[in-house]
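S.K.: Got a structure here, written out as structure tokens. Questions coming.
Taken together, the values in this text are just the output of simple stated rules run on the coordinates, not laboratory data. Since this is a predicted model, take the numbers as computed values, not measurements. A quick note on method: Cβ atoms are made from the backbone with ideal geometry, for glycine too, and the neighbour counts reach across all protein chains shown.
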Amino acid sequence: MSTSPPRRLPRWLWPRSLAGRTALTLLLALLLALMVVQAVGLTIHAFDRIGLERLSIMRDIGLRVMSTYRAVAPELFERIVDQTALAPAKGAGAGPSHVPARQAGG
């Protein structure tokens, strides 16, 4: 079993001088850093959009609930008024509106 030597960059790609190699290394590091910053920025933007969409959905739900409440509330109010008008006077019976008096010492 023979192991192959490590793979090297072609000679035309890797500069011979130390300054050239340093510049190429710094450029590659800068490129990598810019890609990381771009990925982080896009992730933050995506999360922001998700939050904004969630707020929009909650607003729509709130509008639907309030419009339903406004449509139903007057009828409920009329029912409550009708039931209180038909209810016996306080103390006259043990109906649902009758609350027993608190006993002394209890």
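S.K.: With a cut-off of at most 16 other beta carbons within 10 Å, and DSSP calling the residue loop, which trypsin sites (Lys or Arg not before Pro) in region 1-85 qualify? Please list them. Walk me through the numbers on the way to the answer.
M.R.: Working: sites: R7, R8, R11, R16, R21, R49, R54, R59, R64, R70, R79; in loops: R7, R8, R11, R16.
In loop regions of region 1-85 (DSSP not H, G, I, E or B), the sparsely surrounded trypsin sites (Lys or Arg not before Pro) are R7, R8, R11, R16.
S.K.: Nearest 0.05, what FRET efficiency do A33 and L63 give at R0 = 41 Å with Cβ-Cβ as r?
M.R.: Efficiency, from the Cβ-Cβ distance: 0.35.
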